Amino acid sequence: AQAQARTHKTRGSTNLRGNQPVQSSRLPHRDAPPQFSTPLCPPVSPPPGRGDRRRRMAAAGAATPVGAAPRVGLLYDDRMCAHATPDGEKHPENPERLRAIRRKLDAEGVASRCVDMKAKEAKEKYIASVHTPNHIKLIRDISSKEYDYRRNKTARKFNSIYFNEGSSESAFLAAGSVIEVAEKVAAGELSSAIALVRPPGHHAEHNEPMGFCLFNNVAIAANYLLNERPDLGINKILIVDWDVHHGNGTQKMFYSDPRVLFFSVHRFDYGSFYPCEGDASHCFIGEGAGEGYNINVPWEHGKCSDADYVAAWDHVLLPIAEAFDPDIILLSAGFDAAMGDPLGGCCITPDGYALLLTKLLGFAKGRIVMALEGGYNLKSIANSLCACTKVLLGDNFTYNSPRMQPFESTWRVIQMVRDELKAYWPVLSSKLPDNVPLRSAPSYIEMWIASFQIYLLGNLTPSSLTFYRHAISIVAVFKPHS
Ligand code: X5A
Ligand code: ZN
C-alpha cells in the first residue's frame with residue numbers, strides 16, 4: 001500500500017524527460033561534460049576528496065590518453081561457427097548469431113574502426129584453472145571420429161547441451177579468444193575489446209558443460225590474468241554478467257575469491273527461471289575470504305527494461321564498483337535480456353545497453369572486455385552489440401526515452417540486495433531516493449503471454465527439459481505471491 005501511495009504521489013512527475021545526452025565525465029577518451037546523470041536516477045558521486053577522475057586517470061596512465069581515439073579490439077573468427085546441432089535441427093544458440101553480428105558491424109562501418117583480431121585456441125593448462133581434467137578431456141575428444149556414435153548420447157547426459165564434430169575446436173577457440181583480448185586490454189595495447197565467441201561460457205561448471213556452454217570462457221580468462229600474468233598488474237577483477245540467465249558457473253568458480261567481484265543481474269522468478277537453482281538468489285554473497293564479493297540481483301519476473309537495469313546499476317553495481325576499484329572489467333555480455341529475445345522475456349533496448357556500458361567505462365580506466373554469452377534474436381543482438389561497439393569507440397549518443405520507470409519489484413529487489421551487502425559495502429547503507437516513480441508488476445495475463453511466447457519462439461522440442469522448465473514458470477506466474 002505504501003508503494004502504491006508512492007506511485008500515486010509521483011505519477012506524472014517531471015524529472016523523467018527523455019532526450020538527455022548521456023555522457024560520462026569518467027570516460028578517458030571523450031570531451032565529456034562535467035555532469036552525468038540518467039533520466040532515472042541521481043548520478044553516483046565519487047567519494048569526496050579524491051579529485052577529478054579524469055585527471056586521476058590521465059595521471060595514472062590510462063590506456064587511452066585523453067583526446068586520443070580508443071583502440072577497440074574486435075575478435076571475430078568463422079571457425080567458431082563450426083559448433084552447431086548435429087543434424088541441423090533448429091536451435092537458438094546457432095552459428096548465425098555470430099554472422100548476424102558481424103554483418104551488422106560491417107554494414108554500420110563500425111568493424112573497420114576496430115582492431116581486427118583472430119581467435120587462438122586456449123592452452124589446456126589455462127582451462128585447467130577452471131575445469132577438471134575429465135571435463136577438458138571430454139570437450140577435447142567429443143568431436144573425434146571415435147566419438148561419432150556416442151556423441152548424442154553423451155550430450156543427453158547434460159543439461160541443455162549439444163555436440164557436433166566442430167564443438168571441440170569452437171570451445172577451445174572461444175576460451176582462447178577471451179584470454180587473447182583480455183591480455184591485450186590488460187597490457188594496455190587495446191583500450192577495450194569485444195570477443196564474439198561461441199559456444200558461450202557462464203553456465204559451464206567445474207566438471208560439466210551446461211546451458212549451451214562448454215568451457216567457462218570468462219572465468220578462464222580471469223584466472224589467466226590473475227595467476228599466469230602477474231606482470232600485467234591485474235589484482236582485482238570485476239565480472240559483470242548481464243546475460244538474462246544467472247552465471248552459475250562463474251559464481252561458483254570465484255565464490256571464495258576476493259580478487260574477483262562477481263555481479264550478475266538475471267531473471268529469477270522465485271527460482272523458476274533457468275537454471276532454476278536457488279543459488280541465483282541475493283542471499284548468495286560469497287564465502288570465506290570471498291564473502292561480500294558475490295552479488296546477485298534476481299528479478300522476480302520478466303518484462304524488465306532499461307529502467308530496471310539502470311536502477312540496479314545506479315544503486316548496487318556502480319557504488320560497489322567505485323569502492324572495489326577494479327583493475328579490469330570482464331563483461332559476460334549476453335544479449336538475451338534484449339527486447340525481442342525469444343528466451344529472455346525482458347526488453348532492454350540497444351540504447352539501454354549502450355547506457356549500461358557507458359556507466360561501466362568510468363571504472364578500471366575504461367579497460368573493459370566484452371565476451372558474448374547468450375542472446376537469441378539475431379536482430380536484437382546485432383543492434384545491441386553495434387550500439388555497444390560505438391560506445392567503446394567513443395561515439396556520443398543520446399538516450400531517448402519519454403518515460404523510464406522501474407517496477408516496484410525492482411525497487412524491492414534492489415533494497416534487499418543492498419541490505420544483504422551493506423555490511424561489506426558501507427556505501428550501500430544510505431537511504432534510497434524515495435521520489436522515484438515506480439510501476440506495478442506486469443499482470444498475470446501479461447506474464448502468461450510472455451512465458452508462452454518464450455516457449456513458442458524458443459524453438460525447443462517438447463522432449464527437452466526446457467519445455468518442462470517453461471511449463472513450470474507458466475504455472476508459477478499463476479501462484480499469487482503477495
Ligand atoms: C548462455 C545462455 C541459456 C540456456 C537456456 C537453456 N544459456 N534452456 O543463455
Ligand atoms: Zn542467457
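Brief remarks follow.
- Placed amide H near Gly73: partners under 5 Å, 5+ positions off or other chain: Val115, Ser191, Ser192, Ala193, Ile194
- Ordered from largest to smallest accessible area (heavy atoms of protein chains, 1.4 Å probe), the residues Cys347, Cys304 come out as Cys347, Cys304.
- Whole-percent carbon and sulfur share, accessible surface of the range 72-428, 1.4 Å: 50
- Per residue, the solvent-accessible area of the range 72-428 (1.4 Å probe, heavy atoms of protein chains only, all protein chains present) comes to 31 Å².
- Charge dipole (debye, nearest 20) of the range 72-428; +1 at Cβ of Lys and Arg, -1 at Cβ of Asp and Glu: 540
- Local electrostatic count, Ile328, Cβ distance below 9 Å [Lys/Arg +1, Asp/Glu -1]: +2
- Area accessible to solvent at Glu189, 1.4 Å probe radius, in Å²: 90
- The range 72-428 shape via C-alpha gyration tensor axes, a/c threshold 1.5: rounded
- Distance (nanometres) between label positions extended 7 Å along Cα→Cβ at Lys157 and Asp419: 4.4
- Accessible area of Phe158 in the full protein assembly, 1.4 Å probe (Å², nearest 10): 40
- Which listed pairs, of Lys125/Lys252; Lys123/Lys379; Lys118/Lys184; Lys123/Lys184, have C-alpha distances above 22 Å, in listed order: Lys123/Lys379
- Asp341 accessible area, 1.4 Å probe, all protein chains in place, Å² to nearest 10: 10
- Among Asp308, Asp106, Asp351, Asp231, the sequence by solvent-accessible area, most first, with a 1.4 Å probe is Asp231, Asp106, Asp351, Asp308.
- Residue-wise HN-Hα coupling along the range 109-115, computed from phi with Karplus coefficients 6.51, -1.76, 1.60 (Hz; x: Gly, Pro): x, 8, 4, 5, 8, 9, 8
- For the range 121-179 and the range 377-408, distance of Cα centres in Å: 34
- The candidates Ser429, Ser272, Ser443, arranged from most to least accessible area with a 1.4 Å probe in the full protein assembly, appear as Ser429, Ser443, Ser272.
- Basic side chains Lys and Arg get +1 at the Cβ, acidic Asp and Glu get -1 at the Cβ, and with that the dipole of the range 151-190 about its Cα centre reaches some 480 debye.
- The Cβ shell under 10 Å around Asn296 holds other residues with a net charge of -3, Lys and Arg each +1, Asp and Glu each -1.
- Dipole size of the range 175-285 about its Cα centre, with +1 on Lys/Arg Cβ and -1 on Asp/Glu Cβ: approximately 160 debye, rounded to the nearest 20.
- Reachable aspartates and glutamates, given that their alpha-carbon falls under 18 Å from the alpha-carbon of Lys90 and they are not under 8 places away in the same chain: Glu165, Asp336, Asp341
- Of the residues Ser272, His282, Tyr353, the one whose Cα sits farthest toward the positive end of the charge dipole of the range 72-428, with +1 on the Cβ of Lys and Arg and -1 on the Cβ of Asp and Glu, is Tyr353.
- Available extension along the chain between Lys90 and Lys431 is 117.9 nm, counting 0.36 nm per residue and deducting the alpha carbon span.
- Whole-Hz couplings from phi, Karplus 6.51/-1.76/1.60, listed for the range 196-206; x for Gly and Pro: 7, 10, 7, x, x, x, 5, 8, 5, 9, 3
- The trypsin sites (Lys or Arg not before Pro) of the range 127-165 that meet both conditions, a loop assignment by DSSP and at most 15 other Cβ atoms within 10 Å of the site Cβ, are Lys157.
The values are calculated or read from the model by the stated rules, or taken from the named source; none is laboratory data. Every value quoted in this text rests on a predicted model; they were computed, and no experiment measured them. Methodologically, a virtual Cβ is constructed for each residue, glycine included, from the backbone with ideal geometry; neighbour enumeration extends over all protein chains shown. Ligands, DNA and RNA are excluded from the accessible area calculation, which covers all protein heavy atoms including side chains. Shrake-Rupley method; radii C 1.70, N 1.55, O 1.52, S 1.80 Å.
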